[in-house]
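For reference, the structure is listed below as structure tokens.
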There are 2 protein chains.
Amino acid sequence: MVMTEKDIVRSQIVEAAKKRFSHFGYAKTTMAEIASDCSMSPGNLYRFFPGKLDIAEAIASESYQEHIAQMRKLAMAPGKDARQRLHDVLFEELRSTYHKLEKDPRVLEMANVIGHERPEFVNWMLAHERTLLVELLDEAERRGEFLPPGDKEEIAEMIQSATMKFRYPQLWSKLTLPKLERELEGVLHLLIEGLCPHKMGKVQAA
Amino acid sequence: MVMTEKDIVRSQIVEAAKKRFSHFGYAKTTMAEIASDCSMSPGNLYRFFPGKLDIAEAIASESYQEHIAQMRKLAMAPGKDARQRLHDVLFEELRSTYHKLEKDPRVLEMANVIGHERPEFVNWMLAHERTLLVELLDEAERRGEFLPPGDKEEIAEMIQSATMKFRYPQLWSKLTLPKLERELEGVLHLLIEGLCPHKMGKVQAA
DNA sequence: AGATTGAACGGTTTGTTGATTATTCAGAAA
DNA sequence: TTTCTGAATAATCAACAAACCGTTCAATCT
């Protein structure tokens, strides 16, 4: 690729920033430091990234790629039914982000900054997860496991909506992980089974 | 009642505070102002309330009493099935809080302060709504409309959990009312119908 | 005695100043 | 020309003082 030259420098910058951010935090590292780590002037960084936040976004995006790959494995795991796969995906999502944000405050800081200043990035992540859910629902339908009553893209949106609370645990509530897990279990159960007896009479009559 | 003397003064204080808070906001009104509105010294306020926040809480509590009464009317409305009543309750909750917080920033400010400094008050409100939901579910079971698969108290908790996002709209998302309504409609549908076909085969076989 | 006051205390907010830092851009280097 | 630099700029942050306000309590009133 012709662009490869710029890309190498870009990833060099990202690596330098990753080290600084995880050592000292986002706010405490300066563009000048990142630049000097890359043996360049501060101004030159701006030929590769529009701004400091975009470097953080690149880091987040990179780590999100791995995350979503992991999630896709769970969503498509063979030998499990759709219910289990949905369960696995939502629980792994809860646990992994909980632990990531719990473990070090640097990650929490970056999550807060990006979440606050770059809502479109958050939307991008949500959209990706939604396509994952749609894939899961498609597969489930193929096997006759779920009966999605409408447009699958919309159902995925609703599943996300109902499980929002568990997606960025410590941003929205101060519950402990066990409590969150218990709640997620219950919500998921409700989502799958529903409240309604599903009018079996009519089916029998037909 | 023997306590009536103190109660009169208490409600006088609450009224004065209500005026100040809604005119100038919570942060911008001082205890001295409230006191002088009641022709008393600042120190004397503390014989009636432990602190400023408790006055705000009293105001919020008062308005919440009205709210919950309104909700109970919807939850118990005759001539409607459980599904409609649940729908009405959740939608009215969304709309009324949305409009209240939308209309004036003072209410939003107080909601933020109380939500931040008095999580136990928020829990108290949630608990009340949960008992309302349990009443609704009880009535539904009595009429054979829902088949709650477990403990009703727990189901109510899960319904709350799945609809959190719609309970304090502008604290958790920046969506417009129509979008929120559309999402709530979808989530509610999912909660009621569920994703699963509900193994009708077994029922027929029995 | 009990009720009430208002000055005093300590924590927070506000306003100000100076330094730091993200970002830009005119020009130097290649 | 294209690539890069580093000083200039403007915005943000940190530190400190002053003012403010919620809260307390010794003294005063009833």
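Summary of computed values
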| quantity | calculated |
| --- | --- |
| Relative contact order (%) - criterion: Cα under 8 Å, at least six apart; region: chain A | 19 |
| Spin-label model distance (nm) - B:LEU171 vs A:ASP7, 7 Å beyond Cα toward Cβ | 4.6 |
| Acute angle (nearest 10 degrees) that the helix A:4-24 long axis makes with the longest principal axis of chain A, alpha-carbon atoms | 80 |
| Cα-Cα over 30 Å, subset of A:LYS174/B:LYS179; B:LYS28/B:LYS100; A:LYS73/B:LYS179 | A:LYS73/B:LYS179 |
| Shielding score for A:179-192, defined as the mean number of other chain Cβ atoms within 10 Å | 5 |
| Highest-fluctuation residue, A:ASP151, A:ASP104, A:ASP54 considered, GNM on chain A with Cα pairs under 10 Å | A:ASP151 |
| Phi to ³J(HN,Hα) by Karplus 6.51 cos²θ - 1.76 cosθ + 1.60 over region B:38-43, Hz, x for Gly, Pro | 9, 6, 9, 7, x, x |
| Cβ neighbours within 10 Å from other chains - mean over A:158-169 | 5 |
| Gain in span if fully extended, A:ARG72 to A:ARG143, counting 0.36 nm per residue against the direct Cα distance | 23.8 nm |
| Inter-copy label distances at A:SER173 (7 Å, Cα→Cβ; nm, one decimal) | 1.6 |
| Chain A Cβ-axis minimum, rotational copy B, residue and distance in Å | A:GLY194, 1 |
| Calculated from backbone phi, Karplus (6.51, -1.76, 1.60) coupling profile of region B:75-85 in Hz, x at Gly/Pro | 5, 10, 3, x, x, 10, 7, 4, 4, 5, 5 |
| 222 nm mean residue ellipticity, helices alone, for chain B (DSSP H n ≥ 4; -39,500 (n - 2.57); rounded to 500) | -24000 deg cm²/dmol |
| Cβ-vector label at 7 Å, A:GLU135, separations to other copies in nm | 4.8 |
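None of the figures in this text is laboratory data; all of them are computed from the coordinates on show. What you see is a predicted model; the values in this text were computed from it and never measured. Methodologically, a virtual Cβ is constructed for each residue, glycine included, from the backbone with ideal geometry; neighbour enumeration extends over all protein chains shown.
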